[in-house]
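Take a look at the structure below.
A short reminder: the numbers here are calculations on the coordinates, not readings from a lab. Only a predicted model underlies this, so the values are computations on that prediction, with no experimental measurement involved. Every residue, glycine as well, gets a Cβ built from its backbone with ideal geometry; the counts of neighbours run over all protein chains shown.
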């Protein structure tokens, strides 16, 4: 055998060995040098760039820094990746001075195909208390930027140095260790900063080394902002010092506590340092930590519980840093890993970079005790609120990449916090079971919305995630933990359907689609929702059987008679347009302001308008293939293949979102088109851009990062490597089989 042939044979053999797995997980010892794979994609920053800010975190807390390794110049980064410190507990509400109630955001609606009224939390926009209530309960509560800890630098002439004065910048995020190393020169003097986030508490660790500290030309500035309450920003208002208070409450030889009070929100910053340092208040909400040594090492811990300090409180920097590094190493070794180094396609390295850094970003931003917001713990979007329709894109990748414990802790939030509130929503709308909310908060409040309140595609997510937990732990304990919620979720789904008695067909009406351009006002029977409803009820039946319960007769009737996916000209369409000659009517919350119940008015939009809307926003029609297990598919393969081709040729890509690309790739893989999957994942579309630190950039005005895009990428890659239930029996079934994509992987699990 020649050298070339022998090398090719060994490559294929190694790929096959890595592919062999038991119950979806690798059985043999690691064959991949994981540290090498991860470390070759360390982000390196050599110039100040607002879009190149780096973040450290642990999933419950994260802090984002500029090129100094700290939050020294936050104003310069506000229009890029903002510099912030955020936690899962750091929330605030503005005072409700007018005693507004959530009931004032609600509207009673009678849809023509229902026999009962339904109460929805909507947006009022015509003044009065209802509009005021709408605004208040969309803005409140909102996530806080807990503070800005930066370096204040002065030149030898006493002038304050700006970001542009810094030279010789070199900053590296060491992904495998979870540490940022930053170096630069200020006034010709070398500065080196080490930054890391604690694994055990909401804290960041710093080590600053520079002669500027000893000379009195450098000190640590600690500032506390007031929240803005804006839709998407850095959550920092520095112009209202009179509306909040900050003070030093405790000082010790090597430690201090600062208290920050914003209205009814109170939290603390604990500082521990090594050696000699002094803390003093310079201005309202601003404190300086300084030293006469050339090294300053300290830990800043945020907490909402008043701690106690004794005279011996101190910091053991190297021990804490060692614990951080070891924790990150364990994370990388425990989870899934994909190595593209043996691929010959020139795009493979970039795909590997996106995959590696997405693992880092989703871990620090999304491995939380509550569902994450779409910009995680980096900055606020939608007032910092989680969106439950995004839970699929935030959580499923953790299960497939061998970290099911992340999904487990979020499902605990569903069970303990959201479940009672979801039951109330279903009850007030006259349905059985539970209706999971869309835009929410840590206490499972429901934000009023004329779009979100009518979305339904978040509903089967609970069933899908519970099934993932059962695949990870197929035992009675899992059935006991999630069985009731699976049952109640399915009860709502069955009750929400409309039975057309003339055709004995179950239809989905009065709901806005995943593809939000397909509003409930003029469309129904959206393809993804129909397919997902079929999956949810079929899986809920399987759960009943696993629990020793009989199958639900109505659910079987629905599964047999669910409306087919709408088609036109040989492809699946985004939905069926409302025909006003039938009794399909829309709800407009502004038609009858002040009325106890809205009278729906018919609406039918021109065919041209419907067609244009049908090719914008999310290409949800492909989700009916991408997310749904093959065994539960309700589509015709050839028709879906034509639909994929039509989307590729006709979609308005500027209207898409970051997770659409992973979704399309999954559909292409299931349809046996791996080349199309690769093409879309690496396509040059505006919403498919990945910044130097791996953030999925969307738009300049509000979404410079978008974590559902990272989650979708990871989900699609896991599927393309480990396969899916019923996939072809071959290594890497979602990748081209022409020898250019010799992908090696470990510890991935097949998709449903």
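With the Cα gyration tensor of segment 430-489 giving a ≥ b ≥ c as the square roots of its eigenvalues, does the rule (a/c under 1.5 for rounded; else a/b larger than b/c for prolate; else oblate) give rounded, prolate or oblate? It comes out prolate by the Cα gyration axes. Placing pseudo-labels 7 Å out from each Cα toward the beta carbon at residue 278 and residue 699 gives an inter-label distance of 5.1 nm.
Each stretch of four or more DSSP H residues adds -39500 (n - 2.57); spread over every residue of the chain, this sum gives -9500 deg cm²/dmol at 222 nm. The protection proxy used here, the mean number of other Cβ atoms lying within 10 Å of each residue, ranks peptides 521-533, 126-138, 625-637, 432-444 as follows, highest first: 521-533, 432-444, 625-637, 126-138. With both labels modelled 7 Å from their Cα along Cα-to-Cβ, the residue 252 to residue 115 distance reads 6.9 nm. Overall form of segment 347-724: rounded. Here a/c, set by the Cα gyration tensor axes a ≥ b ≥ c, is under 1.5. Each peptide in 215-225, 704-714 was scored by the mean count of other Cβ atoms within 10 Å over its residues; highest first, the order is 704-714, 215-225. As I understand it, the value is the acute angle between the Cα axis of helix 527-546 and the longest principal axis of the Cα atoms of the chain; what does it come to in degrees, rounded to 10? Tilt relative to the chain: about 90 degrees. Here residue 645 and residue 738 are evaluated by their C-beta separation; at R0 = 30 Å the FRET efficiency comes out at 0.90.
Under the rule a/c < 1.5 gives rounded, and otherwise a/b versus b/c splits prolate from oblate, where does segment 648-742 land using the Cα gyration tensor?
The shape class here is prolate.
Each of 614, 314 was scored by other Cβ atoms within 10 Å of its Cβ. Listed from fewest to most, they are 314, 614.
So the label point goes 7 Å from the Cα of residue 231 along Cα→C-beta, right? Which residues of segment 377-407 then have their backbone N under 19 Å from it? Within reach of a label on residue 231, which here means backbone N under 19 Å from a point 7 Å along Cα→Cβ, segment 377-407 contributes 379-390.
Summary of packing: across the peptides 197-205, 361-369, 319-327, 237-245, the per-residue average of other C-beta atoms within 10 Å ranks them, highest first, as 361-369, 197-205, 319-327, 237-245. Note on segment 131-266: Cα-only Rg and Dmax are 18.4, 57 Å.
To test your reading of the geometry: what angle, between 0 and 90 degrees and rounded to tens, separates the Cα axis of helix 659-670 from the longest principal axis of the chain? Taking Cα atoms only, the helix is inclined about 50 degrees. Separation of segment 662-676 from segment 370-441 is 27 Å, based on Cα centroids.
Averaging Cα coordinates gives a centre for segment 304-368 and one for segment 97-167; these two points are 31 Å apart.
In plain terms, the residue of 446, 209 with the fewest other Cβ atoms within 10 Å comes first and the most crowded comes last, giving 209, 446. With N the number of residues in segment 444-520, Rg(Cα) / (2.2 N^0.38 Å) evaluates to 1.35. Expressed as a whole number of Å, what is the distance separating the alpha-carbon centroids of segment 700-732 and segment 462-505? A separation of 24 Å, based on Cα centres.
Between helix 3-19 and the chain there is an angle of about 80 degrees, using the helix long axis and the longest principal axis of the Cα atoms.
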